[in-house]
1. Say R0 is 45 Å: what FRET efficiency, to the nearest 0.05, do residue 250 and residue 421 get from their beta-carbon distance?
2. Rg/Rh for region 231-352 to two decimals, with Rh computed the Kirkwood way over all alpha-carbon pairs.
3. Using only protein heavy atoms and a 1.4 Å probe, report how much of residue 156 is accessible, in Å² to the nearest 10.
4. For region 181-296, what's the radius of gyration and Dmax over Cα atoms, in angstrom?
5. Just the number please: accessible area per residue for region 66-167, 1.4 Å probe, all protein chains included, in Å².
6. Taking square-rooted eigenvalues a ≥ b ≥ c of the alpha carbon gyration tensor, is region 284-440 rounded, prolate or oblate, where a/c under 1.5 means rounded and, failing that, a/b exceeding b/c means prolate?
7. For region 230-420, with every protein chain kept in place, what is the accessible area per residue (1.4 Å probe, Å²)?
8. Given the convex hull of the Cα atoms of region 101-140, what is a quarter of its surface area in nm²?
Amino acid sequence: MHTVTGLAVLSMELSSFYQLRTKLILSPLQTPIKQSYFNRGTMGITSKLSMTHSQLVLVLAKQAYAINGHLGDTYGCPNDTIFLMEVHSENIYLLRIINAAMNEELFFTITNHTLIVVAQDASYVRMFTTDYIMISPGQTMDVLVIADQNVGQYYMAIRPFSDSSAAPVDNITTGIFQYSNSEGGLNASLISLPAMNDTDATLNFISQVRYTNVSQNPTINVPADTDINRRVYITIATNTLPCNTSECVSDSRFAASLNNVSFVSPRIDILQAYYGRNITGVFTQDFPFNPPVFYDFTGNLTGFETVSGEGTRAIMVNYGDAVEMVLQTTQLGAGGSHPIHLHGFSFYWVGIGTGNFNNETDPSTYNLVDPPLINTVHSPAAGWVALRFFANNPGVWYMHCHFERHSSWGMSTVLIVRNGTTTETSMRPPPSTMPRCPGT
């Protein structure tokens, strides 16, 4: 019988693992460049949209990664520290792992130890064992680790995953998983992680994530084929827009889009405009439910027009709609995968595939039996994912790529769920004492 930090584990009832837990936060940190740090934040860097592609990649590449704010022992900087987690033999530990990186999906491992994945995005999944995980920015995963190796110190490690032509620097950051009463010295000097561009490792890992029928999960409720009354097919792309300000170094600047619409953040929030005070001119209700132009999204797009449109255009659905949303990555720009996050909902990830989505044949491959219930999905390079959910949460919900540079360039939109027919299915009005923004 193992113990979980003092609690007996007598069954596979997962709620007991939440009594006590350890948190791990994976995050990027600007690293010293020639003995100095960047003197501006990531938003300051990514806002320089007039940079050329090579200039931008050079700036974004000069970074390190951190585990709970520690850079580990691989960078060689004199003031680096390493995260250390002390454990006791034969205990089981629950790690809540958070990818707080701005622009990188990450592999994570603990050498010589098996990871047992039990939850993702605050929803339990069917338990499975693995040597590593792949976690996207904004995602959370709950992972069990049994301290069942010889007493000593073992590396935990992260490295980025990227299948984009604008890949980050392939740095590995370390921490230490240390048994109590160990005399020091690392038992496992060889860190085994997938290569940074190992797409198979990523797909093999995420394919194991499945819904599990435990009491702590909501009863599974996947919209059936006959339920679907709103289908949205969205292409994901990096683009360009004309650049004609004094800061421009060329006649174009970086942009990003969903269905060729680069989102423009309004000065007045859309929630207030739509639900609160019926303010006009803030957004339009005409986000396209299909790509405005169909082309070979995942083919060779050399010479293809990359300029996108701009707008604050919302996806409009009715309360109770059964929604199917297909996210199609394209090879425009640097290509690559995208972690897409939807606020206000958890959705069922029912399908994934390579190439261009075929609405006649690909739905036959959907998993409608036990798809995971998540809120951030890995949309693979040159491929697609399919999501289903019931629009039962009225409001204005931001949907965006969780790569901060893409989101800031316009790879986002909002989903507006209209009020239902009852008070319980409608947004509450703003309080009378809520201050008004200037001009509203």
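1. So, using R0 = 45 Å, E works out to roughly 0.30.
2. Reported Rg/Rh, Kirkwood definition of Rh: 0.99.
3. Rounded to the nearest 10, the figure is 0 Å².
4. 23.8, 68
5. Spelled out: the 1.4 Å probe surface of region 66-167, per residue, equals 33 Å².
6. Oblate is the answer for region 284-440, as a/c is 1.5 or above yet b/c matches or exceeds a/b.
7. Per residue, region 230-420 has 39 Å² of solvent-accessible surface.
8. 2.9
The values are calculated or read from the model by the stated rules, or taken from the named source; none is laboratory data. Bear in mind the structure is a predicted one, so any value in this text is a computation, not a measurement. Heads up, the Cβs are rebuilt from the backbone with ideal geometry, glycines too, and the neighbour counts pull from every protein chain shown. These area figures cover heavy atoms from the full protein model, side chains too; ligands, DNA and RNA do not enter into them. Shrake-Rupley method; radii C 1.70, N 1.55, O 1.52, S 1.80 Å.
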